[in-house]
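First the structure, in the form of structure tokens, and then the observations on it.
What follows draws every value from the coordinates through simple rules; no lab data is involved. Here the structure is a predicted model, which is why all the values come from computation and not from measurement. Quick reminder, even Gly has a Cβ in these numbers, built from the backbone with ideal geometry, and neighbours come from all protein chains shown.
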Amino acid sequence: MPKVLYVEDHPAQRDILAQMLELNGFEVAVASDGLEGVEKAQSWLPDLILMDLRMPKMDGFEAIKVIRSEDKTQAIPIIAISAWASAKHKERALAAGANEHFTKPVDLNRLLTTIGRYLKD
């Protein structure tokens, strides 16, 4: 069962998407801020990470950079998910090391297709 780490500070959004992922056959772990997300990525070694960008303690941009700087986590695909829809934020997320950028609310079918594409590689 593929492992997905979802890093999101908003509890309702985190719980709903985590449930949807579980219903679609993924083992899901969650983190409520970037710092916790980095720690879980390093200890749990998920197959893919979904990363919010605006969070307390450590934002998603910084968390992505830290994950990319570590040997054991640098190759894990990261999909940034944010309410920030501007091209500037998308470029910043990709420059930090995200593989993709999705804007909230997320189209679940499109997200699942994208996750599947990364997990086949």
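When +1 charges are put on Lys and Arg Cβ atoms and -1 charges on Asp and Glu Cβ atoms, the dipole computed for the chain relative to its Cα centre reaches about 360 debye.
The C-alpha radius of gyration of the chain, expressed as a fraction of 2.2 N^0.38 Å, stands at 0.93. Mean residue ellipticity, 222 nm, helices only, the chain: the sum of -39500 (n - 2.57) across DSSP H runs of n ≥ 4, divided by residue count and rounded to 500, is -14500 deg cm²/dmol. Reachable aspartates and glutamates from Lys120, Cα under 17 Å, same-chain residues fewer than 8 places away excluded? Result set, ordered by chain and number: Glu27, Asp47, Glu100.
Label zone (Asn24, point 7 Å along Cα-to-C-beta; backbone nitrogen cut-off 19 Å) within the stretch 80-99: 80-83, 99.
Net charge of the neighbourhood of Glu27, taken over other residues with C-beta under 15 Å away and scored Lys/Arg +1, Asp/Glu -1, is 0. Restriction of the trypsin sites (Lys or Arg not before Pro) in the stretch 1-99 to DSSP coil positions whose beta-carbon has at most 15 other beta-carbons within 10 angstrom yields Arg54, Lys57, Lys72. Only one residue of Ala87, Gly34, Val7 has its Cα farthest out toward the positive end of the dipole of the stretch 3-120, where Lys and Arg carry +1 and Asp and Glu -1 on Cβ, and that residue is Ala87.
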